[in-house]
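> Please see the structure below; I have some questions.
The values are calculated or read from the model by the stated rules, or taken from the named source; none is laboratory data. What you see is a predicted model, and the numbers here were worked out from it, not measured in a lab. Here the Cβ positions follow ideal geometry from the backbone for every residue, glycine too, while neighbour counts run over all protein chains shown.
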Amino acid sequence: MKKVTLLDLQAKKQRGEKITMLTAYDYPFAHLMDEVGIDTILVGDSLGMVVLGYESTLPVTMEEMLHHVKAVKRGVNRAFLIGDLPFMSYQASEEEAVRNAGAFMKAGCDAVKLEGGKKVVPKIKAIVNAGIPVLGHIGLTPQSISKLGGYRVQGRDIKSARRIIEDALALEAAGVFGIVLECIPYQLAKLITERLSIPTIGIGAGPYCDGQVLVIHDILGIFEKFTPRFVKVYANLATQIKTAIKDYKKEVETGEFPSLNHSYELPEETWENLLQDIEKMK
Ligand code: KIV
C-alpha cells in the first residue's frame, strides 16, 4: 500500500474527491483505520476527554500525547499521521512551538495540528520554516473553551463570520497545508473551502468541505457523556461492550467460564506420574 502524502491530499481537493480523517489514540484502532484506507489519522487532544477521562482538552500534556502517538504510529503504514499540539505546548513562544512540533515528528508523525487564527500565525510560520507541515484549526477551538464561553457554533453573525474568513486566509498565507473547520455554519465553510487553494476538513461544518474528521469514540458510540449534533453514530459499541462484560461477569460468578474447553490438559500418563511423585514426597 502506498503511503498517503501531502501531495495526495492536495490532489484530492483538486479532483473534488473527499479526504477522510478520523482520530485514533492507540495501536488497534489505528491499525483498523489504516487497513480500511482512511486517508489521514489524527491523534487529537480529544484524547483527554474520550480516553483519559478529563473534563476538557486543557489538562492534556505533551508527554501524554507522545505516548499515544507512538502507539498509533505502530499501527499505521499507509495513512498520513497528524499529531495535535496540546494546550500550552505552542502558545508561549516560537521556540517552544518548534521544539514540541519536532517531538511529534520524532515520534513518527507526518505533520502537526494546532488551534487558532491570525494570533498563531508567527508560531505556524516558525514550525513550517523548520520543515514541519502544519494543519490549522479554526471555528470552535476547544483549547479556548473558556474564552468562547462553551461548546457552541461559531461564526453565526457577520462580525465573527468575517473573523473566521480572515483567519482562514491568514493561515493559508502562513503556509498551513490544510485547515480544520469546526462547528461553523455550512454556508461559511463552503465559502472558505471555495476561497482556499488548500483542503478544508470539516467537523460540524456541513457537506461542502474538502474532507471530514470525527472522533472515533463518537462514531462508534463508545463515549457516552455527550454526543454533539454534528456526530453521526455508526455503531453502538457501548451497549455491546457492556453486554459482553456483563455476560463475562455472570459466567465467572456461576462457574460457567472457564470451562474445560478453555483449559489446558496434562497427558494422562504425566498426570498419573505426577500423582505418584507427590505421594512419594509425603
Ligand atoms: O482533538 C481532536 O480530536 C480534534 C478533532 C476533532 C478536529 O481536534
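> Cβ-Cβ under 6 Å, sequence separation 6+ or interchain: first residue in region 229-248 and within 30 Å of Val153 (Cα to Cα), partner among the aliphatic types (A, V, I, L, M) and part of a loop (DSSP other than H, G, I, E, B). Which pairs?
Final answer for the pair search is Ala235/Leu220; Leu237/Leu220; Leu237/Ile222; Ala238/Ile222.
> Quick check on my filter: what residues within region 1-39 are free of Cβ contacts under 8 Å to residues at least 60 places away in the same chain, within 20 Å of Leu196 (Cβ to Cβ) and within 16 Å of the ligand (Cβ to nearest atom)?
None; the set is empty.
> Among the listed residues Thr227, Thr193, which satisfies the condition of being hydroxyl-bearing (Ser, Thr, Tyr), on the phi < 0 side of the Ramachandran plot and either modelled with pLDDT under 95 or touching a helix residue (DSSP H, G or I) at 6+ places or on another chain (Cβ under 6 Å) (or both)? First the steps, then the outcome.
On the way: Thr193 fails: either modelled with pLDDT under 95 or touching a helix residue (DSSP H, G or I) at 6+ places or on another chain (Cβ under 6 Å) (or both).
Only one candidate qualifies: Thr227.
> Looking only at region 25-44, which residues are within 12 Å of Phe80 (Cα to Cα), out of contact with any Phe, Trp or Tyr (no Cβ under 9 Å at 6 or more places or on another chain) and crowded, with 20+ Cβ neighbours inside 10 Å?
Ala30, Met33, Asp34, Ile38, Leu42
> Taking Val72 as the residue in question, decide whether it is under 28 Å from Thr227 (Cβ atoms) and within 13 Å of the ligand (Cβ to nearest atom). Show your work before the answer.
Details: under 28 Å from Thr227 (Cβ atoms): yes; within 13 Å of the ligand (Cβ to nearest atom): yes.
Yes: the conditions hold for Val72.
> Could you tell me which of the residues Lys250, Lys282 is modelled with pLDDT under 95 and either within 30 Å of Phe223 (Cα to Cα) or not hydrophobic (A, V, I, L, M, F, W, C) (or both)? Explain how you work it out, then say what you get.
Numbers: Lys250 fails: modelled with pLDDT under 95.
Testing whether each residue is modelled with pLDDT under 95 and either within 30 Å of Phe223 (Cα to Cα) or not hydrophobic (A, V, I, L, M, F, W, C) (or both) leaves just Lys282.
For (1) in the same structural domain as Ile222 (by TED's automatic domain parsing); (2) within 39 Å of the chain's Cα centre (by Cα); (3) in a helix (DSSP H, G or I); (4) at positive phi, each residue gets a yes or a no:
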position	(1), (2), (3), (4)
Ala244	no, yes, yes, no
Asp247	no, yes, yes, no
Glu251	no, yes, yes, no
Pro258	no, yes, no, no
Asn261	no, no, yes, no
Tyr264	no, no, no, no
Glu269	no, no, yes, no
Leu275	no, no, yes, no
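> What's the total number of residues in region 105-118 that are part of a helix (DSSP H, G or I) and either of a type in the set (S, T, N, Q) or farther than 19 Å from Lys73 by Cβ (or both)?
Initial filter on region 105-118 (part of a helix (DSSP H, G or I)): 105-106, 118.
Then keep just the ones that are either of a type in the set (S, T, N, Q) or farther than 19 Å from Lys73 by Cβ (or both); that gives 118.
Residues in region 105-118 being part of a helix (DSSP H, G or I) and either of a type in the set (S, T, N, Q) or farther than 19 Å from Lys73 by Cβ (or both): 1 in total.
This table checks each residue for (1) surrounded by fewer than 24 Cβ atoms within 10 Å (Cβ to Cβ); (2) assigned to a loop (DSSP other than H, G, I, E, B).
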site	(1), (2)
Leu81	no, no
Phe87	yes, yes
Gln91	yes, yes
Glu96	yes, no
Ala103	yes, no
Val120	no, no
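> If you don't mind, there's one more thing I want to ask. Keeping to region 168-196, report how many residues are without any contact (Cβ under 8 Å) to a residue 60 or more places away in the chain and surrounded by fewer than 22 Cβ atoms within 10 Å (Cβ to Cβ). First the steps, then the outcome.
Filtering region 168-196 down to residues without any contact (Cβ under 8 Å) to a residue 60 or more places away in the chain leaves 168-176, 179, 181-196.
Then drop every residue that is not surrounded by fewer than 22 Cβ atoms within 10 Å (Cβ to Cβ), which leaves 169-170, 172-175, 185-187, 190-191, 194-196.
Within region 168-196, residues that are without any contact (Cβ under 8 Å) to a residue 60 or more places away in the chain and surrounded by fewer than 22 Cβ atoms within 10 Å (Cβ to Cβ) number 14.
> When you go through (1) charged (D, E, K, R); (2) buried (at least 17 other Cβ atoms within 10 Å of the Cβ); (3) more than 29 Å from Gln14 (Cα to Cα) one by one for Glu224, which number turns out not to apply?
Failing condition for Glu224: (2).
> Related question: Being within 24 Å of the chain's Cα centre (by Cα), within 16 Å of the ligand (Cβ to nearest atom), over 14 Å from Lys113 (Cα atoms) and assigned to a helix (DSSP H, G or I), is that true of even one residue in region 152-162?
No: region 152-162 contains no residue that is within 24 Å of the chain's Cα centre (by Cα), within 16 Å of the ligand (Cβ to nearest atom), over 14 Å from Lys113 (Cα atoms) and assigned to a helix (DSSP H, G or I).
> If I ask for residues that are more than 16 Å from the ligand (Cβ to nearest atom) and in contact with a strand residue (DSSP E or B) (Cβ under 9 Å, 6 or more places away or on another chain), which ones from region 111-123 would you list?
The initial filter retains those residues of region 111-123 that are more than 16 Å from the ligand (Cβ to nearest atom), namely 118-119, 121-123.
Answer for region 111-123, where residues must be more than 16 Å from the ligand (Cβ to nearest atom) and in contact with a strand residue (DSSP E or B) (Cβ under 9 Å, 6 or more places away or on another chain): just Lys123.
> Looking at region 198-220, I want the residues that are touching a residue at least 60 places away in the same chain (Cβ under 8 Å) and have a partner that is more than 9 Å from the ligand (Cβ to nearest atom) and acidic (Asp, Glu) with Cβ atoms under 9 Å, at least 6 apart or on another chain. Which pairs are those?
The qualifying pairs are Ile198/Glu172; Ile198/Asp210; Pro199/Asp210; Ile201/Asp210; Asp210/Glu17; Gly211/Asp39.
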